[in-house]
Protein chains: 2
Amino acid sequence: LSRFGGGYGVGIVSLTAGFDLGGTKLLGVVADGAGTVVASARTPTGRTPDSVFSDLAGLLDTLTGTAGPVDAVGFGVAGLVDRDGVVRRAPNLVGWDGLPARSRLEDLVGLPVVVDNDANVAAHAELRFGAARGCSDVVMVTLGTGIGGAVIAGGAVYRGAQGLAAEFGHITVDVEGAQCACGAFGHWEAIASGSALGRLGRQWAARGEAPAVVARAGGDPEAVTGVHVGDAAQAGEPDAVAILDVFAGAVAVGLGGLVDALDPEVIVIGGGLAELGDVLVGPVTQALDTYVVGAQSRPLPPVVVAVLGERAGAIGAASVAAEMPALRGPAPSGRA
Amino acid sequence: LSRFGGGYGVGIVSLTAGFDLGGTKLLGVVADGAGTVVASARTPTGRTPDSVFSDLAGLLDTLTGTAGPVDAVGFGVAGLVDRDGVVRRAPNLVGWDGLPARSRLEDLVGLPVVVDNDANVAAHAELRFGAARGCSDVVMVTLGTGIGGAVIAGGAVYRGAQGLAAEFGHITVDVEGAQCACGAFGHWEAIASGSALGRLGRQWAARGEAPAVVARAGGDPEAVTGVHVGDAAQAGEPDAVAILDVFAGAVAVGLGGLVDALDPEVIVIGGGLAELGDVLVGPVTQALDTYVVGAQSRPLPPVVVAVLGERAGAIGAASVAAEMPALRGPAPSGRA
C-alpha cells in the first residue's frame, strides 16, 4: 500500500495541518473535515525560507503531538503561487521568489503538500466553513497592509491559467493616481488598503481636520495609522467617521469593478480592516451602487465580513489539503 | 413523447438557430454542431421588441426553409440578461429593459429558447470554434461602440450569480476620468472603445497633429471617427500610428486589471476594432506589461483577435442553444 492508498478520505475522520505564512507570522493549525481546529500554534516569520521551513517542521511536531497524525499539509503563502506550488513573487517575504515551496515541503515533512496563495486558502475556509458557506460565485477581498483576494466560481476557488488570479490590489482604478507599494501608479491598493487608510488619516490630520484621531496617535499627526482611524471611527468620533466615509468610496471603486466583471452573489471582506465591521461595511455598501453599472436595475451583492478571523488562512490551508485529489481515495468503480 | 424527449442531441446531426440582436441589425444563422453555418440572414433592428420578434420569426421561417428544421433557438442580446432570460437593461435598444425575452420567444417559435448577453454567446462561439478553442480560462473583450466581454472559466462561459458578469466596459480605471456613455465617470469604455478612439482622433486633429487622419475625414477635424484613425494606421500613416499607440495604452489599462483578476491563458479581442489586427494587437501587447502586476516574473497571456467575425454572436447563440440541457437527452442510466 502506498501512503496515498485506500483508507484515506472516504468516511474516515481525518486530520490535516494548515499553515499560513505572512510577513510577520507563521500560523499553523490541525483541523478536521468540519474545519474544527484541534490544535494551533504560531511563531514569528523567519528571515529566510530555510528558517521558515525549519520553524514549520517544529510547529508540525508540536501540533501533531497534541492532535495526532495528519494526512497532509496545506501551506498558504503571501505571494503569487503557481499551480506547481512555486512561489513566483512574494514582495513581503525575503528570498521566496522562484522557490519551489511544494517540493521542498514534501521532502521536509514526508506528506502530500499543497501550496497556494494565502488569500485563496482563506477564501476556501470562508467558502467551506464561514461567510461564503453554500455560495457558488463569490468575490473575497482582504484589506490589510495591501489588498489580496480570491475568486470563487461555481463553488470552487478559481485560480486562473497559472494560478495567479485575484491579484485585486494591483488593478488600476485611477490611472494617474497615487503610487502603489509595487512601484506602479493608480492601483486600488494604493487608495483602499489599511496603509492607504493611514495615509488618508495623516492627510486629514495635517490639515487639522482629525483631532480625535490625532489624540489616539499620541498627539502626533504624522504618527496616525489606519488603526487609529478605525478605532476612532468605531468609537463614533465624527472626524474618523468622515475619513472612513471617504475611504469607503475608494474601497467601493474597486469592488464595483469586481461586481461588473464577476457578478458575485456575495462580497466577503477579510483582512485586518474586516475587524471594523459595520463601521466599514455600512459606508462601503452605500458607495457601491455608484460604481456598479446598472445598479438601479439589479440587486447588488451584500458586503459581509469574513468570520474566521486571523486563522482563516491556516484553516483554509488545512481544508485545501484535505480536498487534494491524492487524499480522495481510489475512484468509485465504474468511473475509474 | 414531449418535444424535448429522446432523439435529440445524442449522436444525431442536429441543427439549431442563433440570433444576435445589436443596436443596428438582427443577424440569424442556422448552424450544425461543428459551428458550420448552413444558412444565414439579417435585417435592420426593429424599433420595438414586437417588431424585432416578428422579424425574428420571419427570418427563422426563411432560414429553416433553406436549412431544414431546428431543435432550438439561441438569442444573444446587446444588454444585461439574467439567468431567466430576462433583459435587465439594454442601453442601445428601446423598450427592452425588463422584457422576459426567453418566455416571449418560446411562445413565439414553439421551441426551446436560450437567451444570453451578446458578448457571452460570441465568446461561446470563439471557445467552441474560434480563437479560444480548447482553452480553459479566457478573457474575451469586444471593442466596438462600447466595450463588452465575457469570462470563460474552467472551459465554460462564466455568467455570475445573476448572469450579469463581464460588464468590463464599466469598470472604473480612472476615477476622475472622462464621462462614459452610461453617465458615470472614469469607465474603461470611456477611454478604450471605438467611440473613444474617435474622440482621441478628434483631439489630435484639433491640435493639428493628425493630418493624414483628417484627410480621410474629408478635411474636417470634427468629422474624425475611430474608423478614420484605424484605416490610416493600417495604411502606416505616422500620425494615426501614434494615436493608436496612445489608445493601446488605454486598452491595456483595463486588460491589465483583468489579467490581475482572472489570469487568463489568452485574451481574445473581438468587436469592430478587432479588424485592425496587428496594428492594434501589437501596441496593446507591448503596453500590457505596464499594467499587470509581477509582469517581470510571469508569462503574460497572448492577445489575439477573434476569428469568427460579425457572425460570432449568432453562431454562438446557436451553439449555446445546441448545448442547453433540455437537448442533451435523458441522463445516462446509473447517474440519474
Item to complete: Return the residue satisfying two criteria in turn: it lies in segment A:221-241 and is hydrophobic (A, V, I, L, M, F, W, C) and within 19 Å of residue A:191 (Cβ to Cβ), and of such residues it is surrounded by the most Cβ atoms within 10 Å (Cβ to Cβ).
Response: A:229
Worksheet item: Is there a residue being among the hydrophobic types (A, V, I, L, M, F, W, C), open to solvent by less than 60 Å² (accessible area, probe 1.4 Å) and within 14 Å of chain B (Cβ to nearest Cβ) anywhere in segment A:198-220?
Response: no
Practice prompt. Can you confirm whether segment B:206-227 contains a residue that is within 18 Å of residue B:142 (Cα to Cα) and out of contact with any Ser or Thr (no Cβ under 9 Å at 6 or more places or on another chain)?
Written response: yes
Discussion item. Any residue at all in segment A:283-293 that's in contact with a Cys (Cβ under 9 Å, 6 or more places away or on another chain) and within 11 Å of another protein chain (Cβ to nearest Cβ)?
Written reply: yes
Practice prompt. Have a look at B:48, B:66 and point out the one that is under 25 Å from residue A:298 (Cβ atoms), more than 14 Å from every other protein chain (Cβ to nearest Cβ) and of a type in the set (Ser, Thr, Tyr).
Written response: B:48
Worksheet item: Which residues, counting only those in segment A:259-282, are closer than 21 Å to residue A:127 by Cβ, open to solvent by 10 Å² or more (accessible area, probe 1.4 Å) and in a helix (DSSP H, G or I)?
Response: A:272, A:273, A:274, A:275, A:281
Worksheet item: Which residue pairs have Cβ atoms closer than 7 Å, lie 6 or more positions apart in sequence or on different chains, and pair a first residue in segment B:20-37 that is closer than 14 Å to residue B:317 by Cβ and open to solvent by less than 30 Å² (accessible area, probe 1.4 Å) with a second residue that is part of a strand (DSSP E or B) and of a type in the set (Asp, Glu)?
Response: B:27/B:20
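Condition check ((1) in contact with a Ser or Thr (Cβ under 7 Å, 6 or more places away or on another chain); (2) over 27 Å from residue A:157 (Cβ atoms); (3) in contact (Cβ under 8 Å) with a residue 40 or more places away in the chain) across all residues:
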site	(1), (2), (3)
B:255	no, no, yes
B:260	no, no, no
B:264	no, no, yes
B:268	no, no, yes
B:272	no, yes, yes
B:288	no, no, no
B:298	no, no, no
Worksheet item: Can you name every residue in segment A:283-297 that is buried (at least 20 other Cβ atoms within 10 Å of the Cβ) and part of a helix (DSSP H, G or I)?
Response: A:283, A:284, A:287, A:288
Worksheet entry | Which listed residue is within 14 Å of another protein chain (Cβ to nearest Cβ) and open to solvent by less than 10 Å² (accessible area, probe 1.4 Å), from B:244, B:255, B:300 | B:255
Fill in: Long-range neighbours under 6 Å by Cβ, at least six apart or interchain, first residue closer than 18 Å to residue B:311 by Cβ and at pLDDT 90 or above within segment B:69-89, second buried (at least 20 other Cβ atoms within 10 Å of the Cβ) and basic (Lys, Arg)
none
Discussion item. Being more than 14 Å from chain A (Cβ to nearest Cβ) and either of a type in the set (Ser, Thr, Tyr) or under 26 Å from residue B:267 (Cα atoms) (or both) is the requirement here; does residue B:72 meet it?
Written reply: no
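The values are calculated or read from the model by the stated rules, or taken from the named source; none is laboratory data. As the structure is a computational prediction, the values presented were derived from the model and not from experiment. Counting neighbours? That spans all protein chains shown, and the Cβs are built from the backbone with ideal geometry, glycine included. Areas reflect the complete protein model, heavy atoms only, side chains present, ligands, DNA and RNA absent. Shrake-Rupley method; radii C 1.70, N 1.55, O 1.52, S 1.80 Å.
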